[in-house]
Amino acid sequence: MTGREARPLVVGSGIAGLYVALRLRELGLRPTIVTKARLEESNTRYAQGGIAAAIGPDDSPARHLADTERAGAGLVDRAAARVLTREAPARIADLVRYGVPFDTVEGRIALGREAAHSRSRLLHAGGDATGFSLEETLKHRLLEAGIEARERAVLRALRPGDRNGPVAVLSAPNGTAVEVEPPRPVVLATGGVGSLYLQSSNPAVATGEGIAIAFRAGALVADMEFVQFHPTAFAREGAPRFLITEALRGEGAVLRNAEGERFLVGRHPDAELAPRDVVTRAIQEEIARSGERWVYLDATGLPRDLVFARFPSVTSFLLAHGLDPSRERIPVAPVAHYMIGGVATDLDGRSSIPGLYVVGEAAATGVHGANRLGSNSLVEGLVFGERAARALRQRSPGGPRDPPTVISVPGRAGLGAPEETGLLDEIRSRLWEEVGIVRTAGGLRTALARFEEIGQQVEPARSEALAGTVANAALAAALIARAALARTESRGVHFRTDHPRPRPAWRHHLGLRRARPPAGRR
Ligand code: SIN
């Protein structure tokens with residue numbers, strides 16, 4: 001390989017983007033990585049609990065697979081989950097080779113526990129600073145490998161290219177100095193949509209534009225209705241919604257209501273370690289019942305030394321906010337956390353657009369079903385990142401199959417947008433209120449209509465303007481609302497009061513694809 005196909009463009013710098021870029025380099029290619037903020041700013045950096053892999057003596061990929069399927073509410077793609085759980089240990093070995101300083105006990109890698117895992121299988125680093133350690137280590141390896149890295153370069157559009165891949169349009173964050181890359185393989189590792197929700201654990205960069213841009217370019221997207229909410233973020237008024245890791249419950253912390261009762265006991269056999277969707281809805285109901293704005297995470301029964309040693313980031317955050325978790329209960333409430341859906345891919349990261357690969361949170365591999373098992377996302381970025389890097393190197397053909405239901409979404413190609421923060425605020429509020437943890441048909445319809453209206457308002461008819469944040473946010477939000485409206489059941493993280501139970505007829509994935517615009521319009 002010597003031409004443009006040997007110079008792939010990787011967009012995004014979380015674990016998936018950094019790892020793919022490194023592996024492409026090791027496979028003999030010359031990737032460039034671009035990212036819209038600083039290299040180290042991504043969702044990965046804030047991951048606390050750990051990264052899941054069946055490496056313990058009492059564990060196996062088969063057990064990991066069974067737990068992943070049980071959490072996924074009947075929708076896990078078994079082939080994808082088998083790949084994930086079988087290949088996870090080898091990818092952990094890669095991280096060790098790169099120098100990730102995993103925590104150890106008596107010379108062996110220490111393993112933590114999270115909800116719905118039947119074994120302790122979370123590798124962690126710096127206690128609860130796992131994401132930070134991963135991000136820093138991979139970033140340093142990337143720079144050492146001499147990989148070209150461009151910060152503050154924002155992907156604005158993907159246009160039709162040639163057999164090498166699409167044409168990527170990039171610009172500075174303020175939209176100036178537009179660069180049009182020649183056609184070449186593009187790997188999207190642009191992450192999820194979390195910060196489009198008013199209450200979110202995600203950093204501001206998680207605005208879903210990679211998914212919106214790929215959809216505009218004609219890529220099949222899937223599972224957009226499945227937005228995972230994390231049950232326990234710090235909920236004190238005026239303080240950031242800092243994540244209080246599930247691994248704290250894995251060590252024995254419990255949830256209590258204002259009356260001090262453990263409201264999950266009797267509700268699910270695993271109580272506080274029930275799957276994340278169950279815990280989130282239980283908290284939401286408790287909040288609605290009590291009229292309070294939070295419930296309490298109680299770690300006061302745990303040894304103080306353990307809590308402070310294992311969770312240094314959480315404990316220092318809490319102490320900085322005047323709360324000692326060994327003495328006081330922590331006010332917590334759910335927040336938007338993870339986009340299960342995204343751009344549909346096959347098992348090698350190929351999207352439905354030739355030469356466009358998608359990895360990490362931006363991809364929908366089907367591996368998480370309707371509810372992701374905690375700590376399966378970092379490892380997903382590695383496992384499918386490795387496979388995408390190899391597929392790209394070999395230029396092997398493929399792509400996702402259409403799921404049984406694919407909705408054709410009318411829409412313009414387009415693009416441009418004045419950056420109106422008022423509109424962005426409205427999108428964030430509506431997603432939280434109307435497309436959140438508990439959904440109704442009426443709320444979804446209202447939200448969808450408004451997102452489409454905003455999309456049209458900010459998208460001029462001219463096709464060559466560049467997509468801006470609001471246009472992408474409105475489109476990503478509309479895709480979520482449309483899919484949630486179409487799925488007339490409740491399953492995993494998607495809960496509707498008008499269809500409160502799963503329906504066998506809906507035991508399949510849901511795709512969305514842009515309808516072809518009428519001739520003469522792009
Ligand atoms: C957590 O540490 O609770 C979050 C882990 C994850 O979302 O995978």
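The values are calculated or read from the model by the stated rules, or taken from the named source; none is laboratory data. Everything numeric here is computed off the predicted structure, so don't read it as measured data. We place every Cβ from the backbone using ideal geometry, glycine too, and count neighbours over all the protein chains shown. Side chains are part of the model used for accessible areas, which takes the heavy atoms of the whole protein and leaves out ligands, DNA and RNA. Shrake-Rupley method; radii C 1.70, N 1.55, O 1.52, S 1.80 Å.
Just to verify a result, which residue in region 75-84, among those that are part of a helix (DSSP H, G or I) and surrounded by 23 or more Cβ atoms within 10 Å (Cβ to Cβ), is nearest to the ligand (Cβ to nearest atom)?
Kept after step one, since they are part of a helix (DSSP H, G or I), are these residues of region 75-84: 78-84.
Filter once more, keeping what is surrounded by 23 or more Cβ atoms within 10 Å (Cβ to Cβ): 81, 84.
On the way: Ala81: 15, Leu84: 13 Å.
Taking the candidates together, the pick is Leu84.
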Go through region 102-145 and give me each residue that's in contact with a Lys or Arg (Cβ under 8 Å, 6 or more places away or on another chain), of a type in the set (Gly, Ala, Ser) and part of a loop (DSSP other than H, G, I, E, B).
-> Ala115, Ala116, Ser118, Ser120, Gly127, Ala145
Within region 403-416, the residues that are under 20 Å from Ala476 (Cα atoms) and either modelled with pLDDT of 90 or more or open to solvent by 30 Å² or more (accessible area, probe 1.4 Å) (or both) are Pro403, Thr405, Val406, Ile407, Ser408, Val409, Pro410, Gly411, Arg412
Can you pull out the residues in region 267-300 that are open to solvent by less than 50 Å² (accessible area, probe 1.4 Å), charged (D, E, K, R) and under 23 Å from Asp324 (Cα atoms)?
-> Glu272, Asp298
What number of residues in region 31-75 are among the aliphatic types (A, V, I, L, M) and under 16 Å from the mean Cα position of the chain (by Cα)?
-> 3
Index of the failed condition, Val193 passing every other in (1) open to solvent by 10 Å² or more (accessible area, probe 1.4 Å); (2) under 26 Å from Val379 (Cβ atoms); (3) β-branched (Val, Ile, Thr) | (1)
Quick check, is Glu251 within 15 Å of the ligand (Cβ to nearest atom), surrounded by fewer than 21 Cβ atoms within 10 Å (Cβ to Cβ) and more than 29 Å from Ala474 (Cβ to Cβ)?
-> yes
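Yes or no, residue by residue, for (1) of a type in the set (A, V, I, L, M, F, W, C); (2) within 16 Å of the ligand (Cβ to nearest atom); (3) in a helix (DSSP H, G or I):
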{"position": "Lys36", "(1), (2), (3)": "no, no, no"}
{"position": "Ser42", "(1), (2), (3)": "no, yes, no"}
{"position": "Gly49", "(1), (2), (3)": "no, yes, no"}
{"position": "Asp59", "(1), (2), (3)": "no, no, no"}
{"position": "Ala66", "(1), (2), (3)": "yes, no, yes"}
{"position": "Ala73", "(1), (2), (3)": "yes, no, no"}
{"position": "Arg86", "(1), (2), (3)": "no, no, yes"}
{"position": "Arg91", "(1), (2), (3)": "no, yes, yes"}
{"position": "Val96", "(1), (2), (3)": "yes, no, yes"}
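Only one residue in Pro312, Pro303 is surrounded by fewer than 21 Cβ atoms within 10 Å (Cβ to Cβ), free of Cβ contacts under 8 Å to residues at least 40 places away in the same chain and of a type outside the set (Val, Ile, Thr). Which one? Walk me through how you get there before you give the answer.
Details: Pro312 fails: free of Cβ contacts under 8 Å to residues at least 40 places away in the same chain.
Answer to the selection: Pro303.
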Please specify each residue of region 224-239 satisfying the condition of being more than 16 Å from the ligand (Cβ to nearest atom) and either under 19 Å from Val278 (Cα atoms) or open to solvent by 20 Å² or more (accessible area, probe 1.4 Å) (or both).
-> Glu225, Arg236, Glu237, Gly238
